[in-house]
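Notes follow once the structure below has been shown.
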Amino acid sequence: AVVSTQSTGEQPRISTMPRGSAVTTKDKGKGKAKELPPIKTHEFLMNKTFGQHLLKNPAIIDSIVEKAELKATDIVLEIGPGTGNLTFRLLPHVKKVIAVEVDPRMAAELQKRVQSSPHASKLHIILGDFLKADLPYFDVCVANVPYQISSPLTFKLLSHRPLFRTAVLMFQREFAMRLVAQPADSLYCRLSVNTQILSKVKHVMKVGKNNFKPPPKVESSVVKISPLNPPPPINFVEWDGLIRLCFQRKNKTLGAIFKQSNVIELLEKNYKTYCSVNNIAVEPDLDFKSKLLSILETNNFSESRSSKLSINEFLRLLTAFKENKIHFI
């Protein structure tokens, strides 16, 4: 569904359209830009299912816009615009804002607020679930992210093609710190590694809970994610297969992890499948456990722990397994 933004004075209208369809709108407002009246957020009962917490501090909003380093030619994707506090700061600086909003009430309110703005023609509202939407082209993404979809949202963005330039995203503090965590940090995890193999991630600022209405139960942080371009030459599904195994017990040695019977069984099955597909004879006296441990020993990984390995070391580990025809998908 797409909400059209028309300055006609009519009540907000929402039209259901095929996915990927667009609405062309024109701004009929004239004269100088008017200061829009503040939105009365108490009129809405926030929907807990959607994780709705409206960012209300103008200084924080302006900082987010500044950190996005916007250009006049940019198309900006905003996820969860709510009633538009951030949207209105974005519109004057860019060519177009595409706002994806799951709540019809919020979408209607945003349309109502923007219809008298001189920038109304720049706004395109898509009504629907971001995780299910086919995303259009965009240069920059800005979002106050509903905390419960933080991880799938992040990787949906990073898998989007063509690559965007940067994303400035508000997350729950702990999630944000996991994104930027380095080896040996207590929060260093599979999320850290998988994000940093695909992008440069930077913590921008902390945001207290009182900057939202209603206040969430946890503190927040803003991070800046810039995809690596070109992306690393890896099969991400296979990479994630290795990282998932390694971080099941991140403080165990890799030698201990790859001795586990379920790990040996999985990788031996993958090995035999790969050999069969590629017409490679499997050793008749194969001791697969010994094969795995030999690879780790030869490459000095037996005593290594995932919690302290860098991305380059994980890449070297993956390469060592692949050279021995061991795969993780």
| query | Is it the case that some residue within segment 65-72 is over 27 Å from residue 152 (Cα atoms), at pLDDT below 60 and surrounded by 12 or more Cβ atoms within 10 Å (Cβ to Cβ)? | reply | no
| request: Tell me which of these residue 109 doesn't satisfy, since it passes every other one: (1) outside any strand (DSSP E or B); (2) closer than 25 Å to residue 67 by Cβ; (3) not small (Gly, Ala, Ser). | output: (2)
| task | Take the residues in segment 82-97 that are open to solvent by 10 Å² or more (accessible area, probe 1.4 Å) and not in a helix (DSSP H, G or I), then tell me which one is farthest from residue 165 (Cα to Cα). | result | 85
| Boolean, residue 194 is farther than 24 Å from residue 55 by Cβ and within 22 Å of the chain's Cα centre (by Cα) | yes
| remark: Among 293, 309, the single one that is buried (at least 16 other Cβ atoms within 10 Å of the Cβ), modelled with pLDDT of 95 or more and within 31 Å of the chain's Cα centre (by Cα) is 309
| query | How about segment 137-187: which of its residues are part of a loop (DSSP other than H, G, I, E, B), open to solvent by less than 30 Å² (accessible area, probe 1.4 Å) and farther than 19 Å from residue 250 by Cβ? | reply | 138, 139, 145, 146, 160, 164
| query | Restricting attention to segment 118-129, which residues are open to solvent by 10 Å² or more (accessible area, probe 1.4 Å) and either touching a helix residue (DSSP H, G or I) at 6+ places or on another chain (Cβ under 6 Å) or of a type outside the set (Val, Ile, Thr) (or both)? | reply | 118, 119, 121, 122, 124, 127, 128, 129
| Can you name the number of the only condition in (1) under 17 Å from residue 227 (Cβ atoms); (2) in contact with a helix residue (DSSP H, G or I) (Cβ under 9 Å, 6 or more places away or on another chain); (3) open to solvent by less than 60 Å² (accessible area, probe 1.4 Å) that residue 102 fails? | (1)
| So which pairs qualify, if the first residue must be in segment 236-263 and closer than 15 Å to residue 321 by Cα and among the β-branched types (Val, Ile, Thr), the second must be outside any loop (DSSP other than H, G, I, E, B) and open to solvent by 50 Å² or more (accessible area, probe 1.4 Å), the Cβ gap must be under 8 Å, and the two must be at least 6 apart or on different chains? | 243/190
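Do we have residue 306 as in contact with a Phe, Trp or Tyr (Cβ under 6 Å, 6 or more places away or on another chain), small (Gly, Ala, Ser) and within 19 Å of residue 247 (Cβ to Cβ) here?
Answer is yes for this residue.
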| query | Can you find a residue in segment 140-162 that is charged (D, E, K, R), in contact (Cβ under 8 Å) with a residue 60 or more places away in the chain and under 25 Å from residue 69 (Cβ atoms)? | reply | no
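The values are calculated or read from the model by the stated rules, or taken from the named source; none is laboratory data. Predicted, not measured: the structure shown is a model, and the values here were computed from it. Cβ atoms come from the backbone with ideal geometry, glycine included; neighbour counts cover every protein chain shown. Areas reflect the complete protein model, heavy atoms only, side chains present, ligands, DNA and RNA absent. Shrake-Rupley method; radii C 1.70, N 1.55, O 1.52, S 1.80 Å.
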